[in-house]
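K.L.:
Okay, handing you the structure first.
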Amino acid sequence: MAPVVICLFLLALIGHWPFSCAKSQLHDPSSTSQHTITGFEFIEELNLHPKLDVNIFKPNTSDSVSITNSRIVEKSLGLPVLGESGASIYDLAHLAGYVQISHTIGARMFYYFFQSRNSKDDPVVIWLTGGPGCSSAIALFDENGPFHLTNNLSLVWNDYGWDKVSNIIYIDQPIGTGFSYSSCEKDIRHDEKGVSDDLYDFLQEFFNLHPDYVKNDLYITGESYGGHYIPAFAARINQGNTNKDGIHINLKGFAIGNGLTEPAIQFKAAPDFAIQNNLINGQDYIRIKQMVPECEKAAEECGTNGQDNCLDALRICGQIHKEILSIKPICVYDIRRKNCSDKSRIDEFLNMKSVKKTIGVPQDIKFVSCSGMVYRAMLKDIMRNLQVGLPELLEDGIKMLVYAGEYDYICNWLGNYRWVEAMKWSGQPEFEASRTIKFEVDGKEAGLLKNHGPLTFLKVHDAGHMVPSDQPKASLQMLKMWMDGKLN
């Protein structure tokens with residue numbers, strides 16, 4: 001990844017706020033007082049950078065006749081994994097497949113499914129990686145999957161894989177992401193309605209094929225641009241259950257990790273986060289803060305369904321990031337690092353002919369971690385506010401967890417905390433008044449937690465953008481406690 005730049009100095013204005021990284025309290029320091037950004041540039045900040053365009057693919061009959069003639073095609077994985085899983089691999093369902101998406105011309109959505117190493121009755125967890133346009137294989141092989149992909153392209157068991165407490169599905173979405181493809185560009189999505197409808201259709205087909213899991217609790221999880229996908233998908237499931245559109249889905253909650261959900265508030269927080277963490281000096285802070293009102297206004301005009309004005313908002317607000325990141329090289333996903341970690345081994349592994357054959361992918365489809373065309377198709381969606389639909393879900397008793405690694409810059413904990421705290425719902429006063437408590441792992445503080453009713457916010461210590469990768473044990477405990485209703 002090309003380096004991005006940030007300032008390392010903190011001058012006079014630090015005296016205005018307590019130290020935000022102190023591990024004794026979850027403190028918001030302010031509580032006391034052209035249409036695109038050069039094409040691919042913004043996705044480099046939000047997630048990984050794209051290399052190729054979308055998978056528009058017309059399968060030939062010799063390679064994938066089964067895919068083109070069936071609603072869902074699935075096969076067992078036979079990938080060799082080193083080490084011990086804690087369960088007999090022969091007793092577990094490890095599957096990969098394609099679902100033909102209803103209401104599309106020729107879209108097929110690719111997924112991996114891993115049965116829980118604990119019990120088949122454990123909750124079903126869906127994982128959605130962000131981008132927009134980045135494959136969930138990134139999380140599968142580098143974060144919270146059953147195994148990790150090493151630098152020599154071997155698989156080793158992950159002792160803290162989320163499949164230890166859940167039956168987990170990793171989905172390549174929106175259409176055109178990862179191994180998902182369509183025969184027609186008209187199936188490429190441009191907004192969250194299209195994305196959430198496709199995901200809802202996917203889940204209906206999955207449960208049709210796997211009725212044994214319908215009764216299980218279901219949780220939606222993900223990170224980064226998942227802060228857009230997840231609220232929309234949760235609302236679509238809730239709507240489908242209310243309208244009896246199909247199989248009733250036992251949605252119990254959703255979790256967003258270092259997400260982009262409410263851009264107006266989150267972009268506004270960027271200069272505050274930067275100065276708290278010694279990334280800019282006082283003079284820079286004063287100058288950059290003067291850019292915030294125009295950004296706020298533009299983001300509010302974009303709202304929930306703006307069009308070209310959302311591109312204007314992306315350009316205007318993006319200047320805040322560009323200013324902060326124009327001084328000294330760091331990794332925007334972890335301010336402790338100069339360079340971000342290289343994920344190219346995932347592309348290399350998944351483009352091996354033997355791997356494609358094992359997981360049932362046509363050889364003609366080239367895997368890329370992030371799709372440039374999917375990203376461009378979703379440009380107008382980036383600055384839209386996805387927070388507005390969340391209060392209804394909370395009022396219906398659906399649990400919501402927002403967690404954030406404290407060293408992520410691009411979707412930092414401060415911006416996430418601020419929009420969560422500002423969200424209007426019946427429990428807002430009680431949430432604001434609730435105590436900040438320690439989140440402990442093995443008797444040691446691993447984060448700071450606020451909770452009231454169905455709403456929980458967790459700031460995770462010593463973690464960046466990808467919490468399950470940086471703090472695997474803490475993230476697994478977080479998931480387990482949250483699903484069990486004990487993260488409070």
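The values are calculated or read from the model by the stated rules, or taken from the named source; none is laboratory data. These numbers were taken from a predicted model, which means no experiment stands behind them. All Cβ positions, glycine included, derive from the backbone under ideal geometry; neighbour counts span all protein chains shown.
K.L.:
In segment 463-488, what residues are surrounded by fewer than 23 Cβ atoms within 10 Å (Cβ to Cβ) and touching a helix residue (DSSP H, G or I) at 6+ places or on another chain (Cβ under 7 Å)?
P.N.:
The answer is SER469, LEU476, LEU487.
K.L.:
Specify the residue that is modelled with the highest pLDDT; the eligible residues are those in segment 305-340 that are among the small types (Gly, Ala, Ser) and either within 24 Å of LYS193 (Cα to Cα) or loosely packed, with under 15 Cβ neighbours inside 10 Å (or both).
P.N.:
Here the residue is ALA313.
K.L.:
Just give me the residues in segment 365-385 being farther than 28 Å from TYR98 by Cβ and touching a Ser or Thr at 6+ places or on another chain (Cβ under 7 Å), in sequence order.
P.N.:
Scanning segment 365-385 gives ARG384, ASN385.
Matching residues to (1) in contact with a strand residue (DSSP E or B) (Cβ under 6 Å, 6 or more places away or on another chain); (2) modelled with pLDDT under 95; (3) farther than 20 Å from MET423 by Cβ:
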site	(1), (2), (3)
SER183	no, yes, yes
HIS190	no, no, yes
LYS193	no, no, yes
TYR200	no, no, yes
THR221	yes, no, no
GLY227	yes, no, no
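K.L.:
Answer yes or no as to whether ILE437 is of a type in the set (A, V, I, L, M) and either under 29 Å from GLY133 (Cβ atoms) or crowded, with 18+ Cβ neighbours inside 10 Å (or both).
P.N.:
Judged against the criteria, ILE437 is not a match.
K.L.:
Looking only at segment 384-416, count how many residues are within 27 Å of ASP312 (Cβ to Cβ) and not basic (Lys, Arg).
P.N.:
14
K.L.:
Additional query: Among TYR403, TYR375, TYR409, which is among the aromatic types (Phe, Trp, Tyr) and assigned to a strand (DSSP E or B)?
P.N.:
Result of the check over TYR403, TYR375, TYR409: TYR403.
K.L.:
Testing GLY222 on (1) in contact with a Lys or Arg (Cβ under 7 Å, 6 or more places away or on another chain); (2) crowded, with 23+ Cβ neighbours inside 10 Å, one condition comes back false. Which one is that?
P.N.:
It fails just one condition, (1).
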